[in-house]
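Remarks on the structure that follows.
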Amino acid sequence: MPPPRLGTSLPMMPAISASNYATALPPLEAAETAVAGRRYRQAADALEAAETRLLNAGAQPIGGTVTPGGQALAQVRLARDAVRRHDRQTGLTAISMAIGAAQEPIQQPALPVVAEAPPAPSTVVIATAAPPPPPPVPVITKALLPGHWQEGSWQYHWVPPETALRPVETRSVEQGQFVFKTGIGWVWEPSHYVN
């Protein structure tokens, strides 16, 4: 048996295929020519056709990740808006960027590399109680009182607004009332904060 031949092996690279959004290129180029010539009606029709072809080719609006199809679709929609407003410069820029995104080759995702790992050494896990969470930080609310009219001894006078913050109590107030207590009778309980 002959010995194995020496050779070189290259790592597998992701396959690069031509963009499937290329069907949108002819209407995009027609729209670019129409906008350059200030024929906005023709440009709007061509951009609508380009958007339809991008959507038919599977372009998704930009979400979590940016894809060439999503980028081209976003630029076509921006160009349609610019054409609607007769904004020539923005329309030409957006169409040019859409053409570039539609021509970008699509890279297929690389296949994952599978490797067998040695078994992990067995370890004993001792469960311990987690420390209690820290107590919540108290919330202190502060406010400024606005200016208002106040009744004096015989006429109203203006009280200017406050300029220094003061703490505001967030607990509810229980109004003073008479409470019957066994062995004592009726007792006045003054107004106080609940809790």
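The values are calculated or read from the model by the stated rules, or taken from the named source; none is laboratory data. For clarity, every value in this text was computed on a predicted model and none was experimentally measured. Backbone-built Cβ (ideal geometry, glycine too); neighbour counts: all protein chains shown. To get the accessible areas, we keep the full protein, side chains included, count just its heavy atoms, and leave off ligands, DNA and RNA. Shrake-Rupley method; radii C 1.70, N 1.55, O 1.52, S 1.80 Å.
All conditions but one from (1) within 23 Å of Ala143 (Cα to Cα); (2) open to solvent by 70 Å² or more (accessible area, probe 1.4 Å); (3) charged (D, E, K, R); (4) over 44 Å from the mean Cα position of the chain (by Cα) apply to Lys181; the one that does not is (1).
When you scan the stretch 22-99 for helices (runs of 4 or more DSSP H) that lie fully inside it, which ones turn up with 1 or more residues that are under 26 Å from the mean Cα position of the chain (by Cα)? So that I can check it myself, show each step before the final result.
Values: elements: 25-36, 40-56, 68-84.
Of the helices (runs of 4 or more DSSP H) lying wholly inside the stretch 22-99, those with at least 1 residues that are under 26 Å from the mean Cα position of the chain (by Cα) span 40-56, 68-84.
For first residues located in the stretch 135-155 and surrounded by 10 or more Cβ atoms within 10 Å (Cβ to Cβ), partners that are basic (Lys, Arg) and lie 6+ apart or on another chain with Cβ distances below 9 Å form the pairs Ala143/Arg166; Leu144/Arg166; Leu145/Arg166. Here Thr123 passes the criteria (1) open to solvent by 100 Å² or more (accessible area, probe 1.4 Å); (2) more than 15 Å from Ala22 (Cβ to Cβ); (3) among the polar types (S, T, N, Q); (4) modelled with pLDDT of 80 or more except the one numbered (4).
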